Each structure stands twice: as C-alpha cells, then as structure tokens.
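The values are calculated or read from the model by the stated rules, or taken from the named source; none is laboratory data. Fair warning: this is a prediction, and the values are worked out from it, not measured in the lab. Here the Cβ positions follow ideal geometry from the backbone for every residue, glycine too, while neighbour counts run over all protein chains shown. Just the protein is used for accessible areas: all its heavy atoms, side chains included, with ligands, DNA and RNA removed. Shrake-Rupley method; radii C 1.70, N 1.55, O 1.52, S 1.80 Å.
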Amino acid sequence: MRRRQRATSALPRLTVKQAVGAGVALAIPTGGTVMAAAPALAAPGDDTTNGSASTPRPTLSYGSRGAAVKIVQARVGATADGIFGPATLSAVKTFQRANGLVPDGIVGARTWAKVGGSAVTPTRPTTPTRPTTPTTGATTPTVPTTTTPACSPTSTTLRMGNSGQLVKVLQDRLGLPTDGWFGANTKAKVLAFQRATGLYADGIVGPRTWTKLGCVGPNAPQPTPPVSTPSVPSTPATGTAAQVIAFAQTFTGTSYVWGGSSPAGFDCSGLTSYVFKNFGYYMPRTAAQQQAYFPRVSNPQPGDLVFWGYPAYHIGIYVGNGMMIDSSQPGVPVAMRKVYGSPSGYARVIK
C-alpha cells in the first residue's frame with residue numbers, strides 16, 4: 001500500500017485552464033511542458049458550406065453542390081440554389097455554346113474565365129447575364145417602310161445565281177413568286193420579257209432592262225407612255241363583259257407569238273386588242289398604250305384589263321375571282337389562270 005502511494009505521488013499534477021482562442025483547452029502540468037489538445041471546431045470557409053470572397057474555382061459538374069455552384073448558376077441564368085442539377089447542366093451547356101466553348105456541361109478553368117473570373121459570392125442579377133450582342137458603337141437600325149428596295153436604271157446588274165431583296169423586286173415586276181433567288185425560272189422570265197420588249201435577250205438585268213421594267217428611280221416622275229390619237233370607231237361598242245370573256249376563252253391553247261395579233265398567234269396586248277375590237281371597242285396596240293388610254297380602277301370587275309409594270313410590260317383580261325386570260329410568254333399558250341404576283345393596276349374598258 002505504501003509503495004502504491006509513493007508511485008502515485010511521483011506523477012505531476014495537471015491543472016486545466018482555458019486558453020485564449022475558442023474551443024482550445026490547454027493541459028498545463030504543475031511541473032512542466034504545455035500540451036495543446038485538438039481543436040474543438042473546423043475552420044470556416046469550406047467550399048461545401050457558405051463560401052466567402054476567397055472561394056476557389058473548383059471544377060464543377062453534375063451533382064456538385066455549394067457556394068461555387070451558386071456563383072455559376074447566377075452567371076448562367078439558372079436558379080442559384082447551390083445544386084448542380086439538370087436545369088443547371090442545361091444552362092451551362094447553353095452558355096458554353098454561346099461562348100465558343102465545348103458544351104460538356106463541366107465548369108473548368110475556361111468556363112470559369114467566361115463566367116467572370118474568380119468565384120466570389122454572387123449577387124443575384126435582376127436579369128440573366130447570358131451573352132448579348134455588344135451595344136458599344138451600335139446604332140438602332142432603321143426599319144424600312146417597304147419590304148423591298150426601290151429600283152432604278154442604275155440598280156445593280158443582276159444575273160442568274162444572284163440573290164437578295166433586289167432580286168425580289170425583279171421577280172415582283174415579272175409576276176414571279178418573290179423568293180429572292182435568281183434561278184432558272186427567273187432567267188426564263190427575264191429572257192421572255194426582253195424578247196417581248198425588243199431588248200437583246202441575254203437574261204441579264206442591266207440598265208435597259210431595269211428601265212423597261214418601269215424602274216425609273218424613287219424621285220423621277222412616272223413616265224406617260226406615248227399614246228396615239230385614237231380614231232373614232234365606225235360602229236358603237238356592243239359587247240358585254242360576259243361576251244368579251246367568252247370570246248377570249250375560245251383562243252385558249254393559241255400559241256404565243258411576239259407581235260402576234262391574230263388567231264395564228266398572240267402576244268399579250270395582241271390578244272386583248274383583238275378580243276375587244278371584235279365587239280367595237282377601240283384598243284391601242286401595246287400594253288403600255290392600253291394602260292395609259294383607259295381609266296384606272298381600284299375595284300376590278302370581270303372584263304377589266306390587268307397590268308404589270310408602269311409602263312406596262314404585260315397585260316391580261318380579268319375574268320373575276322382572281323383569275324384572268326392572257327398570252328404570257330413564248331412556249332406558253334393562251335390560258336385562263338390565276339392573277340399572279342403584284343399587278344401594277346387595273347383599267348376599265350366596258351363602262
């Protein structure tokens with residue numbers, strides 16, 4: 001018993017005191033060294049908790065969580081909930097595509113650089129910070145008042161293979177669908193128009209062709225086609241609109257002939273003049289002269305004339321319900337068909 005008491009009394013006594021610093025206890029022996037105990041709390045700033053301004057730029061991917069995820073979410077326009085889920089993955093990929101990065105959905109060094117450098121605790125923006133077209137030096141575009149530009153004799157020369165708004169102007173004046181592509185159909189129509197108007201038929205739309213199409217420029221006065229002084233018909237006109245249309249239909253299938261004005265072959269104005277003269281109506285010979293001679297109307301009725309271009313380069317007889325009879329171009333016989341494109345106007349022959 002005495003031996004045991006002597007052995008116990010040989011050990012130094014320890015006094016426990018609180019050290020400065022939260023959660024650290026110091027064991028101070030009565031006769032010697034100071035020994036520090038393990039910290040009671042982990043150091044703050046862990047990336048999986050709240051983060052701070054010194055948060056690093058960890059590589060993030062689907063399933064990641066934490067403050068760094070919130071930063072990325074705020075900058076790619078996703079809900080900043082700190083969870084890298086499907087919505088965040090989609091937003092990251094969209095952001096990467098828009099910024100020329102590989103859209104792998106992984107936020108590495110390059111993606112961090114694009115979203116704004118180092119990771120800092122985000123402030124939720126009022127609008128998503130997706131990339132937009134820079135506005136520096138930009139001006140608000142002027143909205144055109146028309147869908148197609150004006151044309152003039154000095155307009156760009158067009159040929160097969162061209163495209164754009166000016167091609168649409170050309171197609172509209174030729175009565176073609178305005179798709180903006182100068183293809184084989186447009187060239188064929190240009191060639192037919194050039195032959196019909198006495199131009200060299202090369203399929204190229206230059207100053208002379210633009211002029212014949214009625215492109216005189218936005219500020220030039222509209223030309224008045226020459227009109228010969230009409231001779232008074234020897235017999236009064238007697239035909240009704242129904243009779244004129246029925247007579248015109250009898251020539252369905254007749255071949256197109258440039259300058260033709262008889263059942264052996266008609267051009268566009270040759271057909272109209274032949275049909276109306278049969279009922280005693282005076283009719284100038286060319287489409288432009290017919291356009292200038294008869295009064296224009298805005299409410300077309302059966303028996304009226306329908307024109308394309310000013311001066312007119314094509315003409316037909318309106319039969320109602322959006323249909324007409326005309327002799328359109330070489331290789332296409334007289335037929336009744338739908339009024340195409342955008343006519344430049346209508347004129348009334350039968351009062």
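What is the Cα centroid distance between segment 157-218 and segment 55-104, reported in whole angstrom?
Cα centres, segment 157-218 to segment 55-104: 54 Å.
What ranking do 184-197, 288-301 get when scored by the average of other Cβ atoms within 10 Å per residue, highest first?
Highest to lowest by the protection proxy: 184-197, 288-301.
Pairs LYS187/LYS277; LYS189/LYS351; LYS93/LYS114; LYS187/LYS338; LYS189/LYS277: which are spaced more than 24 Å apart, C-alpha to C-alpha? If you can, show how the numbers build up before the last one.
On the way: LYS187/LYS277 34 Å; LYS189/LYS351 34 Å; LYS93/LYS114 13 Å; LYS187/LYS338 21 Å; LYS189/LYS277 29 Å.
Exceeds cut-off: LYS187/LYS277; LYS189/LYS351; LYS189/LYS277.
Taking 7 Å along the Cα-to-C-beta vector as the label spot, tell me the LYS277-GLN165 distance in nanometres, rounded to one decimal.
Rounded to a tenth, the inter-label distance reads 4.4 nm.
Counting only residues 5 or more places away or on other chains, whose amide H sits under 5 Å from the amide H of GLY316 once H atoms are built in the peptide plane?
Hits under the 5 Å cutoff: VAL306.
Principal axis lengths of segment 229-351 from Cα atoms, whole Å, largest first?
Each principal axis gives a Cα extent; for segment 229-351 these are 36, 32, 26 Å.
Using the Cβ atoms and a cut-off under 12 Å, what net charge is assigned to the surroundings of THR254, where Lys and Arg are +1 and Asp and Glu are -1? Please list the in-between numbers first.
On the way: positive: none; negative: ASP267, ASP326.
Value of the local net charge: -2.
How much accessible area per residue does segment 229-351 have, in Å², with a 1.4 Å probe?
On the way: 5410 Å² over 123 residues.
Solvent-accessible surface per residue comes out at 44 Å².
Write down the accessible area per residue of segment 145-209 in Å², having rolled a 1.4 Å probe over the full set of protein chains. Write out the running numbers ahead of the final one.
Values: 3400 Å² over 65 residues.
That works out to 52 Å² for each residue.
If I model a spin label at ASP104 and GLN243 as a point 7 Å from the Cα along the Cα→Cβ vector, what separation in nanometres do I get?
8.7
So what J values fall out for segment 313-324 if you push phi through Karplus, 6.51 cos²θ - 1.76 cosθ + 1.60 with θ = phi - 60°, rounded to Hz, Gly and Pro as x?
My calculation for segment 313-324 gives 10, 8, 8, x, 9, 6, 10, x, 6, x, 10, 8 Hz in order.
Short version: ³J(HN,Hα) in whole Hz for each residue of segment 161-167, in order, from phi by Karplus 6.51 cos²θ - 1.76 cosθ + 1.60 (θ = phi - 60°), x for Gly and Pro, what are they?
Result, rounded to whole Hz: x, 6, 8, x, 5, 5, 5.
Of the listed peptides 267-274, 151-158, what is their order by residue-averaged count of other C-beta atoms within 10 Å, with the highest listed first?
Values: 267-274: 24.9, 151-158: 16.6.
So the peptides 267-274, 151-158, ranked by packing, come out 267-274, 151-158.
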